[in-house]
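Please read the structure below before turning to the comments.
The values are calculated or read from the model by the stated rules, or taken from the named source; none is laboratory data. Fair warning: this is a prediction, and the values are worked out from it, not measured in the lab. Every residue, glycine as well, gets a Cβ built from its backbone with ideal geometry; the counts of neighbours run over all protein chains shown. Each accessible area value is taken on the protein alone, full model and side chains, heavy atoms only, with ligands, DNA and RNA left out. Shrake-Rupley method; radii C 1.70, N 1.55, O 1.52, S 1.80 Å.
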Amino acid sequence: MDRTEASTVDVSRTSILLRAPVPRSYANYIARKIFLFLVTLQELGAFALITLGVCVRKLRRPAPLIRELMGQQIARSGVRLLPMFVFVAVALGFLVIGQTVAVLARVGAIQWLGSIMVVAVVRELGPLLAALLVLARVGTANVVELGTVRALGEIEALEALRIDPVHYLVVPRVVGMAVGTFALTVYLILGAVLSGYLWAFLQDVPIQPGDYFSQLAGALTYLDFALLALKTAAFGFIIAIVTCYHGLARPLPLEDVSNATVRAVAQSIVACVLVDALFILVYLNT
Amino acid sequence: MNPSATPNAPASPTANASGPAPVLEMRGVSFGAMRDQTQVIASDVNWTVRAGEFWVVAGPQRSGKSDLLLFAAGLMPPLRGRYCCFCVEMPVTGDAPLNAFPPVGLVFDGGQLFNHLTVADNLALPLRYHERLSAEAARQRVAPVLEATGLAPMAERLPQTLGRSWQKRAGLARALVLRPQLLLLDNPLGGLNARHRGWWLGFLGALGRGRTTLELPPMTLVVTDDAFAPWVRVATHFALLGEGRFVVIGDRAALEASADPLVRELRAHELPTGATGSETSLWERSG
């Protein structure tokens, strides 16, 4: 009897709580967060448009200096990361692809290998993992470098020499990261697929190399290649824009550089995932 | 020759209204701080600098002297009023080519060198960017400037490996590479020992007269400092920035005659010492 009463009381309390208005402080907190998100989105959008404008105006006849800087940034965001990407590609192949191949063979679903690999590795895991690695290795360094440049007054020095800071500092990084992320994604996917087969071979999975690669090739369409290029370049562009924005956009005291780095990493990840979601819509409609 | 022992002022423009053309003209100008442009540094500034003049703007620390030069160099717009430099309304905005900007050079207090570039590359950067020169061609162009400023032995060193005095000198050399006609210098003597102070006073005097080995025409100079005293024999015109006001004092006689307590305080500092003869020979053109 007592237990029933207690239960009734609890239910009514719960319903009262559910019907009660959200405390003002909670609403304010959520509204503030949404407002800040929108402001950040607007500022990042403006910075991206400014950068694109400079790219369009000045890339038609780039100065040898800017070409040289682009080369340096491609080396920094691409070539120099290759050893780490080879390691990650091998790990990805062993840990994910090899096991997937083994499981598919065990349950007799090896004919689905190509489709699963293309969806998992080529479309999703490869580009996103490459973007995260580029963000971790180069994006964070970007914020620290540019934040220090800003804090030490080097932007004013560039402006005094009539050198456009966006052209000199941001455009080479954007080009370098877009090209670097694309190239590294291709290497990551190739390395993962190769090491995945090696792992399956070591596990005595009954699949011939010809079958394995023909299944993968058969599952790929031209759209996959085009969207892979577009997506990875977009990831590189986003990472470059977000990290350069946080390093350069406003005067930054040296002690704030670490906070700006944390913000840049979080916002880059969110932006890349959102763009990835847009690409999923394209994939689902094809 | 010891330039600071026998300092010569740059060619003084004629005092009448039909004298040399104004290179810098501010009318009813208010300007803010670079870090926070809503913070007003000085209001209602009316100031004309004519070609060939050597101005010293003195003021207490944190009075906004650096902001004045950043504003004068066109790095921020006026909050109010009209500011023209070489008859061009400032600031020049948009995607303008170098020749759309007035020929103004700015030397920062700390040099503000790019830390990832060597001294020679710092100097070559504006040439490589604006004139699309190769690295080799730009280096050949900066060699005489390095020589004249005594930086040639340090050309391949990174800025952070140099002392503050040499960093400031490298900042001056970088500003000279684009051959400005108006040179703005922020606190050039700050933190220097007697030898470097003497070098700066002599070199700037020679720049004003067009007597350096760089073959530059006589240059108009605006210098900021915490005191007037080191510049009394070198500069031709003086102004005061402090307590939220910009006061044009005038020539040396006006400086001597000024009864403003702040001017008197800033005038009462030590006099400069001379540069060494061996250093002077690096940049002084004979004749």
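Within straight-line reach of A:LYS58, meaning a Cα separation under 20 Å, sit the following aspartates and glutamates at least 8 residues removed in sequence or on another chain: A:GLU68, A:GLU159, A:ASP164, B:ASP95, B:GLU131. Put simply, chains B and A cover up around 2400 Å² of each other's accessible surface, both sides summed, when a 1.4 Å probe is used.
Quick one: Debye curve from the C-alpha atoms of chain B, no solvent, what's log10 I(q)/I(0) at q = 0.10, 0.12, 0.13, 0.15 Å⁻¹? Taking Cα atoms of chain B as identical point scatterers yields -0.51, -0.75, -0.89, -1.21. Extending 7 Å from Cα along the Cβ direction at B:VAL248 and again at B:ARG141 yields two label points whose distance is 3.5 nm. Comparing A:GLY191, A:GLY53, A:GLY180 in a Gaussian network model of chain A (Cα springs below 10 Å), the most mobile by mean-square fluctuation is A:GLY53. What a 1.4 Å probe finds exposed on chain A is 70% carbon and sulfur by accessible area, rounded to a whole percent. Considering only protein heavy atoms and a 1.4 Å probe, what is the carbon-and-sulfur percentage of the accessible area of chain B? Reported share for carbon and sulfur atoms: 51 percent. Remark: segment A:63-284 projects, on average over all directions, an area of 13.5 nm² (convex hull of Cα atoms). Of the residues B:PRO60, B:THR93, B:ALA170, the one whose Cα sits farthest towards the positive end of the charge dipole of chain B is B:ALA170 (charges of +1 on Lys and Arg Cβ, -1 on Asp and Glu Cβ, taken about the Cα centre).
Taking trypsin sites (Lys or Arg not before Pro) across segment A:20-57, none is in a DSSP loop with at most 14 further Cβ atoms lying within 10 angstrom of its Cβ. Taking a Cβ cut-off of under 14 Å around A:ALA192, the surrounding Lys, Arg, Asp and Glu residues balance to a net charge of 0, with basic ones at +1 and acidic ones at -1. In a DSSP loop and with at most 11 other Cβ atoms within 10 Å, the GluC sites (Glu not before Pro) in segment B:102-187 are B:GLU156. Electrostatic tally near A:VAL122: other residues with Cβ closer than 12 Å to its Cβ, Lys and Arg +1, Asp and Glu -1, net 0. Within straight-line reach of B:LYS168, meaning a Cα separation under 22 Å, sit the following lysines at least 8 residues removed in sequence or on another chain: B:LYS65. Each Lys or Arg adds one and each Asp or Glu takes one away; over the other residues whose Cβ falls under 12 Å from the Cβ of B:ASP186, this sums to -3.
Taking a ≥ b ≥ c as the square roots of the eigenvalues of the Cα gyration tensor, segment A:15-101 is oblate, since a/c reaches 1.5 or more and a/b is not larger than b/c.
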